[in-house]
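Here the structure comes first, spelled out in structure tokens, and everything after it is commentary.
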Amino acid sequence: MIDEKLKWMLGKLPEWMNGEFTNKDDIVISSRVRLARNIKGFLFPSVASPEELVRLYYRIEDTLRSLKAIHGMRIYPAWELDELGRKFFVERHLASIDLFKKKEGSGVVIDESEKVSIMINEEDHLRIQCIYEDFKVEEAFIKLMEIDDEIGSMLNYAYKDTLGFITSCPTNIGTGFRVSALLHIPALFVSGKIEEILKETISSGIMVRGYYGEGTEVRGNIFQFSTSQTLGRSEEDIVQEFKTKIYDIAHNEKEARKELIEKNHTFIEDKVYRAYGILKNARMLSSLEVMELTSHLRLGISLGIIKEINYSTLNEIMLFQQPAHLQFKFGRTLKQEERDYLRSLFVRRKLTESGI
Amino acid sequence: MEELCEKCKKRKSEVELVEIVEGEKKLRKLCKICAHGEATGVSMSPVLPVKKEKEELGEENKICPNCGLSLFEFFKKTKVGCEFCYEAFGEPIIKLIQKIHGDTVHKGKKYTPKYRVTREFKMRVLERALKDAVEREEFERAAKLRDMLKSLQEEK
């Protein structure tokens, strides 16, 4: 029942979750850049027939196999994955929920480090993404451009001089380029400043989304911020503007943390230790609860309240407590109640291993 | 049929929210995302900025000769069927693009199959990143960026 082809990912974290954060404030968790591309002469996925999509899928797959910019490539046709396997990819941020809505003729290609993922026949023929840890947008951006050059030299993209890269949805036309970042901003939340800041951010053209991207809910005070304009600006300018805005939000979070620790030290200490107490002792934990509580622990680490746990351990808990990961870890399908119990067991073990 | 969220009218309603309005209990059926927004005061960005009804359009319907998708169908699902749709639909879709992006002309990467990002481009991007990293005292990242720049220089 556990897909053999996915086992290699079970014992490890994606590289963007693994690295110890160079940014000690731990506000920007990860940065993602992505491109939407379509192949000239083929109908787009929303109107193409399943046969056409399958034909195009194999053509794209063949081409991608020879990519030099991707190391240790793995290819997963969506129709070969079961429900659990598909969720596993979504939980690792390697594919969208939408990719698996239609199974025939779609799939995902990833590299060994899980920094690169290419979705085939999702909303567009190709969705190429790079995720890096921290706020390493430029590193991700250059990698993405190199991959795009290579694919574009082998497959002819649908492109027009005035409108740029032609995409399924007008919201992506032009560059087909979006930058996003996952931000952990608990202090803005606790201090009630979040509403004002999000309002400002949205009106400045940055979109706010949940933990798994479009149409998903916020978990553990982690928000996804992403650019919205794809036409009329160069990719370089889009990156630069995004950075300025995210630095602003991070700055506000930093100030809010400072204020919390100066004015409400006991309150915040209590919040952190309560979270620790529940995670260390509870016998039933839901996924959402773990996300909320690990958020408090994460804040505790960055404020120096808790020193025994590191971010990698926390990331491992965050990743493997998710429903599909948990079931993979325990090697079988689990009912809700069983899941909540085994989740608490897993969390307790991880915390004990880290020595507290 | 599934019941849709009262607020966004797009996603399935999964949460029931009880509100007290002027002393009276009111039950609202919302999706998880809107319910979260109501509960925390934090609203997420809309899924798509524009969706028009046929009547509002006031345009003549047009059909893309390549894929057969009509303009009205496009406005319903907001996805085109092929690379020729934009030309076939003309003004109404260009207006929509202007509304979404505030522009109608591409200023990014100019694609040809032979196109390659230049060394100068990469260096410019990395130099900017290095400046930010130093300013923010992210020394480990700065060191790696310097290595990347150095190897680009050596490529010359």
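The values are calculated or read from the model by the stated rules, or taken from the named source; none is laboratory data. Just so you know, these numbers come straight off a predicted model, no measurement behind them. Positions of Cβ are generated from backbone atoms using ideal geometry, with glycine treated the same way; all protein chains shown enter the neighbour counts. Keep in mind that these areas ignore ligands, DNA and RNA; they rest on the heavy atoms of the full protein, side chains included. Shrake-Rupley method; radii C 1.70, N 1.55, O 1.52, S 1.80 Å.
Helix A:265-281 and the longest principal axis of the C-alpha atoms of chain A enclose an angle of approximately 70°.
Checking the cross-link pairs A:Lys199/B:Lys12; A:Lys307/B:Lys131; B:Lys12/B:Lys76; A:Lys7/B:Lys114 against a 28 Å limit on the alpha carbon distance flags A:Lys307/B:Lys131; A:Lys7/B:Lys114 as lying beyond it.
Listed by chain and number, the aspartates and glutamates whose C-alpha is less than 15 Å from the C-alpha of A:Lys101, apart from same-chain residues fewer than 8 away, are A:Glu80, A:Asp82, A:Glu83, A:Glu122, A:Glu123, A:Asp124, A:Glu214.
Give me the orientation-averaged projected area of the Cα convex hull of the stretch B:54-101, in nm², one decimal.
3.2 nm²
Rounded, prolate or oblate for the stretch A:169-239? Axes are the square roots of the Cα gyration tensor eigenvalues, ordered a ≥ b ≥ c, and the cut-off for rounded is a/c under 1.5. Judged from the Cα gyration tensor, the stretch A:169-239 comes out prolate (a/c at least 1.5, a/b above b/c).
Our coupling estimate for the stretch A:5-13, obtained by passing each phi through the Karplus curve with A = 6.51, B = -1.76, C = 1.60 and θ = phi - 60°, is 5, 9, 4, 4, 8, 5, x, 9, 9 Hz, Gly and Pro reported as x.
Taking a ≥ b ≥ c as the square roots of the eigenvalues of the alpha-carbon gyration tensor, chain A is classed oblate because a/c is 1.5 or more while a/b is no larger than b/c.
In terms of the mean number of neighbouring beta-carbon atoms within 10 Å, the peptides A:242-253, B:88-99, A:313-324, A:125-136 order highest first as A:125-136, A:313-324, A:242-253, B:88-99. Relative contact order of chain A: 20 percent, from C-alpha pairs under 8 Å at least 6 residues apart in sequence. The mean number of Cβ atoms from other chains found within 10 Å of a Cβ in peptide B:137-146 is 3, as a whole number. Under 5 Å from the amide H of A:Gly164 lie the amide H atoms of B:His106, each residue being 5 or more positions distant or on a separate chain, with H modelled from the backbone and absent for Pro and chain starts. Taking a straight line from the alpha carbon of B:Lys29, these aspartates and glutamates sit under 13 Å away, with near neighbours fewer than eight places off in the same chain left out: B:Glu2, B:Glu3, B:Glu6, B:Glu14, B:Glu16, B:Glu19, B:Glu38. Distance from the Cα centroid of the stretch A:275-332 to that of the stretch A:217-231 is 22 Å (rounded to whole angstrom). Taken one residue at a time, the phi angles of the stretch A:324-333 give Karplus couplings (6.51, -1.76, 1.60, θ = phi - 60°) of 5, 4, 4, 5, 5, 4, 8, x, 6, 6 Hz. Gly and Pro are set to x.
Building the convex hull from the alpha-carbon atoms of the stretch A:83-199 and averaging its projection over directions returns 10.0 nm².
In chain A, helical runs assigned H by DSSP with n ≥ 4 each contribute -39500 (n - 2.57); averaged across all residues and rounded to the nearest 500, the mean residue ellipticity at 222 nm is -14500 deg cm²/dmol. Across the stretch A:84-89, coupling constants 3J(HN,Hα) worked out from phi with the 6.51/-1.76/1.60 Karplus curve, θ = phi - 60°, read 5, x, 5, 4, 4, 5 Hz, and Gly and Pro carry x.
Report the A-B buried area as the accessible area lost on both sides summed, probe 1.4 Å, in Å² to the nearest 100. Its buried surface, counting both partners, is about 5500 Å².
Can you compute the label reach from A:Lys335? Point 7 Å from Cα along the Cβ direction, backbone N cut-off under 20 Å, restricted to the stretch A:76-93. Once the point is set 7 Å along Cα→Cβ of A:Lys335, A:84 turn out to lie under 20 Å by backbone N, inside the stretch A:76-93.
Under a Cβ-only charge scheme (Lys and Arg +1, Asp and Glu -1), can you give me the dipole magnitude of the protein assembly as shown about the Cα centre, in debye to the nearest 20? Please report the intermediate quantities before stating the final value.
Details: 85 positive and 84 negative charges, 104 e Å.
Here the size comes out at about 500 debye.
For B:Glu6 and B:Lys77, the FRET efficiency from 1/(1 + (r/R0)^6), where r spans their Cβ atoms and R0 equals 25 Å, is about 0.65.
Report the far tail of the P(r) of the stretch A:155-276, meaning the percent of Cα-Cα pairs longer than 26 Å. Pairs farther apart than 26 Å: 34 percent. In straight-distance terms, cross-link reach from A:Lys258 covers every one of the aspartates and glutamates whose alpha-carbon lies under 17 Å from its own, apart from those fewer than eight places away in the same chain; here that gives A:Asp25, A:Asp26, A:Asp248, A:Glu269, A:Asp270. Fully extending the segment from B:Leu27 to B:Lys150 would add 38.0 nm, taking 0.36 nm per residue of separation and subtracting the current Cα-Cα distance.
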